[in-house]
1. How much mean residue ellipticity at 222 nm does the chain get from its helices, if each DSSP H run of length 4 or more adds -39500 (n - 2.57) and you divide by all residues, to the nearest 500 deg cm²/dmol?
2. Distance between the C-alpha centers of the range 56-103 and the range 393-463? Whole Å please.
3. Just list whichever of 165/451; 12/448; 313/451; 12/58 have alpha carbons separated by over 29 Å in the model shown.
4. Whole-Hz ³J(HN,Hα) for each residue in the range 196-208, computed from phi via Karplus 6.51 cos²θ - 1.76 cosθ + 1.60 with θ = phi - 60°, x for glycine and proline: what do you get?
5. Under 16 Å between alpha carbons, and skipping anything fewer than 8 positions from residue 406 in its own chain: which lysines qualify?
6. Rounded to the nearest 10 degrees, what's the angle between the helix 167-190 long axis and the longest principal axis of the chain, both from Cα atoms, 0 to 90?
7. How high is the relative contact order of the range 72-176, in percent, counting Cα pairs under 8 Å that sit 6 or more residues apart?
8. Over all alpha-carbon pairs of the range 197-288, lay out the pair-distance distribution in 5 Å bins, whole %, shortest bin first.
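The values are calculated or read from the model by the stated rules, or taken from the named source; none is laboratory data. Because the structure is predicted, anything quoted here is derived from the model rather than measured. Positions of Cβ are backbone-derived with ideal geometry, glycine not excepted, and every protein chain shown enters the neighbour counts. Heavy atoms of the whole protein, side chains included, go into the accessibility calculation; ligands, DNA and RNA do not. Shrake-Rupley method; radii C 1.70, N 1.55, O 1.52, S 1.80 Å.
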Amino acid sequence: MRPAIYAARRAKLRERVSEGAILFLGHAEAPRNYAANTYPFRQDSHLLYYAGVELPDKALLLAPDGREILFGAPVTMDDIVWMGPQSGLAELAAGAGVAATEDIARLKETLAALIAQGVHVHYLPPYRADQAAALSRLLDVAPEHVADGVSGQLLQAVAQQRSIKAAEEIAEIENALTVSAAMYQIALQSIRPGVPEAVVAGLMQAVALSLGRQQAFQPIVSIHGEVLHNTFYGNLLQNGQLLVIDSGAESTLGYAADLTRTFPVSGRFTAPQREIYEIVLRAQVAVIETASPRVTNRDLHFVAARTIAAGLKEIGLMRGDVDEAVQAGAHALFFPHGIGHMLGLDIHDMEDLGDAVGYGPGDERSPQFGLSFLRLARGLQPGFVITDEPGVYFIPPLIDQWAAEKRHDAFINYEKLAAYRHFGGIRIEDDLLITADGARVLGPPVPKSVKDIEEAMGQKSGI
Ligand code: GLY
């Protein structure tokens, strides 16, 4: 992005947090098993948002007198020998529209001088142990008191600002979705009986890597879609199974895509699979049609929940009054998660800031099973990007527990449910931009209707 964009973001933040200093700590490399063998580096998203700096061991300080300083270590010859030529601090600062640079070795004394003058240093909640340790050291605060010093004002300001995506951010997300669509294309062509899940996962990753991209999160490519965050890829695909793929690429600037599709391994849905699939699709489309700044995301969750409960009632798995069943939380046996979350630089955008992002003032998460996993409940606003990802799952241990307790048996037909014990799960997900009067599905289309999926799977490539 242009330096002026980062400068404008910081200026806007300063309108909301006008006093004190603001400190954004970038990430250090994270060792896998010893210091020099690291996980792929991913910068802290707040530093990416306010400065676009993608290299490790950097920090951004916004001083109360208007000075903006990018801290980092000077590039050494050892760095160049082992890692190749890299952008120096001045170049990084120029790219962010930041005027001053300093050796990161001087950050502690710079902060100490500010604190000695009575300046308050605002910082966000650390979510990595090394960030917390760095804050403890830099601010001379005992590790157990680092959390006490988190700035609620900064947290709220960042949450509000990053929630509204600008046009250039939407373009990044759509770019990530374009790569993701290509990943799904190869999946559609490679799924068939006898193929390992790992091959489908690997081919999708190869598409991302070949286009110079990382994946935004560890993908789900599983015949056990009923395990919501299943990242095991050790099964062989077999006729009659469903494969849930929940996956997404990152854009070059770190914005995420998050897409889910459920494909029949044989290329054709069985009759019961098709029935459940159509229920989930109806819920997913109902959310697209309802999403707008006139509703909350909690409303969307209930639109999906009622659509699912009504569909399951039609096929005899649920019974009774649909609204009452949903109010009681009976649908959560089948749909035990929230309808979606914000999307942006993070796959669950700003989840590190907690429920300040997803819940408005005075609003709290429900403790009810299922609803308690609703990450975003607040009123939608133009510029929000959210995921729409309903699902229906048959989770044997959960079914057994509820059946033994006769939980919600006025609304659930446990006898009929026995036939679905090994069904697995179905989830369908798109990413939506909330507009002035509705919502737009972002990215290129990825086959979603039964007809489109079966047609696309009929065109095997022979991979
Ligand atoms: N796509 C993974 C998740 O939403 O948690």
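1. Dividing the helical sum by the residues of the chain leaves -11500 deg cm²/dmol.
2. The two parts, judged by their Cα centres, are 47 Å apart.
3. Cα-Cα > 29 Å for 165/451; 12/448; rest within.
4. With coefficients 6.51, -1.76 and 1.60, one gets x, 3, 4, 5, 5, 4, x, 5, 5, 5, 4, 4, 4 Hz.
5. The qualifying lysines are 416.
6. The two axes meet at around 40 degrees.
7. About 19 percent, as a whole number.
8. 3, 13, 20, 22, 18, 14, 7, 2, 0
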